[in-house]
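Take a look at the structure set out below.
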Amino acid sequence: MTHNPWSAGRILALPGHGPRLLFGRMYEDPRVEVRAFPAAPARVLCIASAGDTAAALSRAGYDVTAIDVNPVQLAYARARLAGETPAVTGSAERMLAAGRRAAALALPAWHPASLDAFLDLDDPRVQSSWWRTRLDGPGLRLLMGTALRPVGVLAAALAPGFRHVVPPRFDAALRARIARVVAHHPNTDNPLLAALLADRAADPIAPGPGPVRWLLGDAAEHLESVPARSYDAVTLSNVLDGPGPAYRRRLRTAVERAVRPGGTAVLRSMGGAPGTAAAARTAAERCPLWGSLYVTTVGGPR
């Protein structure tokens, strides 16, 4: 059995045992899935995470199954869609909050009031100019370099199974990804950017008319166990950020078995793939965290 570090339910090297809530909200743009997937009511599988993608797909009319290997994360997503709990802080949000506090203290342009003005813009040309001239300065480069390189603060904070996920120049890559996003998408229509930069509260989420099925388990193992062609589409963002090449090969084989020919698979990765179609497709994604966005048709390229 190939190892999946997500099964520990911990992305930070903190004392204690047992799984924790990793994500209080999701950082992927469900518009990508809605545009790429076969027409509803197709049968789709997504990662449960914080529930945002499952809710968006359900509202779009899909027959949704949501899976997560972390029981704490699965219970939270289920409760959030049922309206039993609001969005709360997970490990990812604590890391982001620490970065925002450091930027606000060290860089006047990153004070919350200034960021609010930036996030209230709706013209990508103005946004790009603002980013280049006011926000992406030497101070930010120094701060992000200290925090986000493989020998920096982020790598030291991560659990061992995730330390290799940090790209060699993640600081420069992330700044370039933010520049890409603000050049393509109005800030006023980008809650994902607002969540990352300013911690604007996540709106309550609500599912569509159909139920979401919740499964506890590993994505590859589940896709291997269901009858062939059980799904019309899958979206498995972040799953490969941690497991090694053996798990990647296993997951690909499992997807090709469980998704009908002509169905769709979507995968996002924080790692970059410069010069590839997967890197080019990230222009469609409103969240700047992702370096690669794979959208493929099972049985052929998409």
**Prompt:** Going through the range 156-173 one residue at a time, which ones are surrounded by fewer than 18 Cβ atoms within 10 Å (Cβ to Cβ), of a type in the set (Gly, Ala, Ser) and farther than 14 Å from residue 272 by Cα?
**Reply:** 156, 159
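Residues being outside any loop (DSSP other than H, G, I, E, B) and either hydrophobic (A, V, I, L, M, F, W, C) or touching a Phe, Trp or Tyr at 6+ places or on another chain (Cβ under 8 Å) (or both): count how many of those fall in the range 69-86.
So the answer is 8.
Of 133, 188, which residue is loosely packed, with under 15 Cβ neighbours inside 10 Å, free of Cβ contacts under 8 Å to residues at least 24 places away in the same chain and in a helix (DSSP H, G or I)?
133
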**Item:** Of residues in the range 106-123 being without any contact (Cβ under 8 Å) to a residue 40 or more places away in the chain and assigned to a helix (DSSP H, G or I), the one farthest from residue 186 (Cα to Cα)
**Value:** 106
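Can you find a residue that is acidic (Asp, Glu), surrounded by 17 or more Cβ atoms within 10 Å (Cβ to Cβ) and within 25 Å of residue 241 (Cβ to Cβ) anywhere in the range 90-104? Talk me through it step by step, then tell me what you get.
Step one: list which residues in the range 90-104 are acidic (Asp, Glu), which gives 93.
Adding the requirement that they be surrounded by 17 or more Cβ atoms within 10 Å (Cβ to Cβ) leaves 93.
Then keep just the ones that are within 25 Å of residue 241 (Cβ to Cβ); that gives 93.
Checked against the condition, which is being acidic (Asp, Glu), surrounded by 17 or more Cβ atoms within 10 Å (Cβ to Cβ) and within 25 Å of residue 241 (Cβ to Cβ), the range 90-104 yields at least one hit.
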**Prompt:** Which is touching a strand residue (DSSP E or B) at 6+ places or on another chain (Cβ under 6 Å) and not hydrophobic (A, V, I, L, M, F, W, C), of 78, 149?
**Reply:** 78
**Message:** Condition first: touching a helix residue (DSSP H, G or I) at 6+ places or on another chain (Cβ under 6 Å) and in a loop (DSSP other than H, G, I, E, B). Now tell me which residues in the range 52-68 satisfy that.
**Reply:** 60
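What do you reckon, is residue 11 touching a His at 6+ places or on another chain (Cβ under 6 Å) and on the phi < 0 side of the Ramachandran plot?
Details: touching a His at 6+ places or on another chain (Cβ under 6 Å): no; on the phi < 0 side of the Ramachandran plot: yes.
No; evaluated as a whole, the condition is false for this residue.
I'm trying to understand the selection: among the residues of the range 137-188, which are of a type in the set (Ser, Thr, Tyr) and touching a helix residue (DSSP H, G or I) at 6+ places or on another chain (Cβ under 7 Å)?
Taking the range 137-188 first, the residues of a type in the set (Ser, Thr, Tyr) are 146, 188.
146 - this is the single residue of the range 137-188 that is of a type in the set (Ser, Thr, Tyr) and touching a helix residue (DSSP H, G or I) at 6+ places or on another chain (Cβ under 7 Å).
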**Asked** Among the numbered criteria (1) β-branched (Val, Ile, Thr); (2) buried (at least 16 other Cβ atoms within 10 Å of the Cβ); (3) closer than 25 Å to residue 184 by Cα, which single criterion is violated by residue 126?
**Response** (2)
**Asked** Among (1) over 20 Å from residue 294 (Cβ atoms); (2) at pLDDT 95 or above; (3) small (Gly, Ala, Ser); (4) crowded, with 18+ Cβ neighbours inside 10 Å, where does residue 42 come up short?
**Response** (1)
**Request:** Could you grab me the full set of residues in the range 137-174 that are within 16 Å of residue 101 (Cα to Cα) and assigned to a loop (DSSP other than H, G, I, E, B)?
**Result:** none
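Would you check if there is a residue in the range 16-28 being in a helix (DSSP H, G or I) and surrounded by 18 or more Cβ atoms within 10 Å (Cβ to Cβ)?
Residues of the range 16-28 that are in a helix (DSSP H, G or I), as a first pass: none.
Within the range 16-28 (the criterion being in a helix (DSSP H, G or I) and surrounded by 18 or more Cβ atoms within 10 Å (Cβ to Cβ)), the answer is no, since none of the residues qualifies.
If we scan the range 29-51, do we find a residue that is assigned to a loop (DSSP other than H, G, I, E, B), among the basic types (Lys, Arg) and either in contact (Cβ under 8 Å) with a residue 24 or more places away in the chain or on the phi < 0 side of the Ramachandran plot (or both)? Spell out how you get there, then give the answer.
Step one: filter the range 29-51 for residues assigned to a loop (DSSP other than H, G, I, E, B), giving 29, 37-42, 48-51.
Subset that is among the basic types (Lys, Arg): none.
So far as the range 29-51 goes, no, none of its residues is assigned to a loop (DSSP other than H, G, I, E, B), among the basic types (Lys, Arg) and either in contact (Cβ under 8 Å) with a residue 24 or more places away in the chain or on the phi < 0 side of the Ramachandran plot (or both).
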**Request:** Have a look at 74, 57, 81 and point out the one that is surrounded by 20 or more Cβ atoms within 10 Å (Cβ to Cβ), within 18 Å of residue 28 (Cβ to Cβ) and at pLDDT below 95.
**Result:** 81
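The values are calculated or read from the model by the stated rules, or taken from the named source; none is laboratory data. What you see is a predicted model; the values in this text were computed from it and never measured. All Cβ positions, even for glycine, are placed from backbone atoms using ideal geometry, and neighbour counts span all protein chains on display.
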